[in-house]
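Only the coordinates and a few stated rules stand behind these numbers; no lab work does. The shown structure was predicted, so the numbers you read here are calculated from the model rather than taken from an experiment. Positions of Cβ are backbone-derived with ideal geometry, glycine not excepted, and every protein chain shown enters the neighbour counts.
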Amino acid sequence: MGLKNNKWIWDNKLPLLFIAVLLVSIPVTFAVYKFYGSQFIKTLYDLGIFQTMENQVIDYHKEAHWLLYGVIKNLFVTMFFFIFLLVSISRYKKGEYLKIHSIEWCCLVAGLFLIQWYFWVMDDAYILLRYIDNMLFLRNGLVYNKGEYVDGLSSPFMVILASFLRTTGANWANIFRLITTLSFILFWLMLVKLDRRLSPPVIGINFPLVYLTFNYAVLCHFSSWMETSIVQVLAVAYALYILNPGSRTLQVMLAMSPLVRHELIIPFVFCSVWTWLHDKKFPLKMVLLMITSLGSWVLFRIYYYADIFPNTFYYKNKINIKQGLIYVHDTFGTYHFYEVAVLFLFFIYFLKKKSIELELSKRVMMVITALPVLLYVIKIGGDWTHYRYLAFPFILITCSFSGILGNFMQQFNISKYRSAVPSITMVIILLFFSFYPVQLKRHPIFLSSTYNNSIPEEKVKRELLFDKVKITEAASLMQAGQHIHLGYITDMRDQIKKVNKKTEFKYDDIEIGIWCETDYEHFSKRIIHGWGLTDAVLARLLINSETMSGHNPVYPYAKDILNLYKSSDLIGRGMYRKAVDDGRASEWIVRNINTIEILERKIFNNHDLSENLKLAFTFPPRIKP
């Protein structure tokens, strides 16, 4: 028994060394804080490196406390999941692909720590939270406002997953930290497997893993409380499926992908057709599973919301190619993807001259599969948030580079020099880690970074993405970071439970909501979403705007709807027509009353399947204000 344990320790000496370093780091961090904490923070402020807010009087002791708590908590979380994964791999080790290289263990430790350090909450996530808490605790149904059946949810899969986890009684902070961490671990494991499939065994440089693990945008979007973490995992799943279409696990993941983001049905179709043509075998089971899962949700949407598509589809269904190209450049330029792509094309050319087998047809298929999503993002004008809508194509195209660098280095027999591979890898890591969005004044490892206010026009025009004035998630991340690391996350469960369940739930007021977190807190109020994300009428307004997809200037029209709601005796069907007849409706409502009445029947539907089926296939014209 002792010999067996010794062998296990020896086989896992490197990950155990990482665990030892993590253990030592915790008391060292505490000791440094105890003796030098305040002075250390003061020095950082004096150097202009670490500032929570500009022109603010700083309490150095409180800042030192915050830094200590954040570091120690993240070290504990990193160590816990690292040990959990090590034990799991050791227990179920099967096949050569799980022989993990030293740099991959390093990526795991660094990634686990950084996803906690970059942990943030995107404001839009609170839309999902309000829907779920309305359903589970207030028993209002899966709605944003009681009695208004509008599907303002972008990811059915996240609805199902988060609802299931919420029923366990867990708070939102723990639920999304769990999703964040497990998503990253799965992402890491799949990239290791991808490298074993495409790389020579002796080199040990997993380029996609190194490039993506130290990428700020990729890491911080494992949190955000949106579905992006799962999209990033699915991007690697698509790459692995193209290499191994016979895997049942990958078939299930691909079949479920349109439930995570509906636009992923396009790459799903591409991969299904490619499998049929390449392997001469149609992936019938995978296609049937996709039809069953997605079809079930569409049927539910027809029955419950009287619509085929979610409200966000109508809201973002526009053409803004110029803005979309700027949005794409904001990500691909920030992380120097163009230079990386050119370099790897050179490597491929060199290796083909040497007659090295690279499975180019499958790599090309990865790129082809990513392109429809990339083109869709360009078409709609991108997103309010840096990188988010590009997660799938960015990662999938990066996966197509797997193994190329290793094959190139093998041609020069670099591995015979013991320190060559670790040295080259460390340089690559430091280079990739140094990349961060132009919107930030300093590296995002300093959580207090804010918008680059040195550009005077940025505060006014940052949403327009003109030239270097590009949008990023930095504002939400940096404003919320300190509260998150102190354990504060808005969760209204306890307050909602105090609501008297014996009486019918009624709203005590109506207001326009701009910040989704505040709207989530105001669960006793009916909210007209100021950006139109959960309002069927505002989502269909035809507005020519150069702003990004997701933030159309509909606020003035939301005020008109608010006035109409407040002046109506009853909120429901017939409300808009009565307002028009009484002369209480704005001119744009009067001009578009026929279209609005169709939408009104959808919003206040009675869950009559035959009526809702007819409504779902009724597509009224866009509203021209």
Please report the net charge: other residues with Cβ closer than 15 Å to the Cβ of Phe18, K and R +1, D and E -1. -1
Most exposed to least, judged by fewest other Cβ atoms within 10 Å, Thr29, Thr618, Thr213 sort to Thr618, Thr29, Thr213
Testing the spin-label approximation: label points 7 Å from Cα along Cα→Cβ at Tyr507 and Tyr555. State their distance in nm. 2.0 nm
Pairs to check: Lys73/Lys193; Lys146/Lys501; Lys316/Lys624; Lys7/Lys193; Lys7/Lys99. Give those whose C-alpha atoms are more than 18 Å from each other in this structure. Lys73/Lys193; Lys7/Lys193
FRET efficiency for Asn6 and Phe84 from the Cβ-Cβ distance with R0 = 22 Å, rounded to 0.05, comes out at 0.50
Using Cα centres only, tell me the gap between the stretch 303-325 and the stretch 17-32 in whole Å. 49 Å
Computed label-point distance, nm, for sites Leu345 and Phe313 using a 7 Å Cα→Cβ extension: 3.6 nm
Using only the alpha carbons, work out the radius of gyration and Dmax of the stretch 509-616 in angstrom. 14.4, 40
What is the extension gain from Lys99 to Met135, computed as 0.36 nm multiplied by their sequence separation minus the C-alpha to C-alpha distance, in nm to one decimal? 8.4 nm
Gyration tensor (alpha-carbon) shape descriptor, the stretch 156-284, a/c threshold 1.5: oblate
Could you state the number of Å between the C-alpha centres of the stretch 221-274 and the stretch 369-437? 18 Å
Within 10 Å of each candidate Cβ there may be at most 16 other Cβ atoms; applying that plus a DSSP loop requirement, which GluC sites (Glu not before Pro) in the stretch 521-625 survive? Glu546
